[in-house]
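Only one structure is covered here, and it is reproduced in the block below.
The values are calculated or read from the model by the stated rules, or taken from the named source; none is laboratory data. Since this is a predicted model, take the numbers as computed values, not measurements. No Cβ is skipped: glycine too gets one built from the backbone with ideal geometry, and neighbour counts run over all protein chains shown.
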Amino acid sequence: MSQELHFSKTIFLFLEDVVQITEAITLAQKTWRKEKDGNVKWDAYADERINQLEAVLNKIHATPYKELPTPNTLNS
């Protein structure tokens, strides 16, 4: 049995934050695509990084937005 611990974070982001993060991830993916040079090992590493970033983007897009609580509903 594995003794490895798994953690996750619940973060609070506004739409503008999500846009900035997704743009940064997309730019990083484009950069990795440009770094590919025909070397099999390097290109495989670049593809792996691109795929890891794609998985993060998919999680961001799959996470639903929640409505912010109003002062009237905070203490109910």
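Against the definition (surrounded by fewer than 10 Cβ atoms within 10 Å (Cβ to Cβ) and acidic (Asp, Glu)), how does GLU67 come out, yes or no? It is true that GLU67 is surrounded by fewer than 10 Cβ atoms within 10 Å (Cβ to Cβ) and acidic (Asp, Glu).
Counting just the residues of segment 1-25 that are assigned to a helix (DSSP H, G or I) and exposed (fewer than 10 other Cβ atoms within 10 Å of the Cβ), which one comes out modelled with the highest pLDDT? Selected residue: GLU16.
Inclusion of ALA28 among residues that are among the hydrophobic types (A, V, I, L, M, F, W, C), modelled with pLDDT of 95 or more, under 23 Å from ILE11 (Cα atoms) and surrounded by 10 or more Cβ atoms within 10 Å (Cβ to Cβ) is warranted. Considered as a group, the residues in segment 28-76 that are of a type in the set (S, T, N, Q) and part of a helix (DSSP H, G or I) include one that is nearest to ASP17 (Cα to Cα), and that residue is ASN58.
Restricting attention to segment 35-51, the residues that are exposed (fewer than 13 other Cβ atoms within 10 Å of the Cβ) and either under 18 Å from the mean Cα position of the chain (by Cα) or of a type outside the set (Asp, Glu) (or both) total 8.
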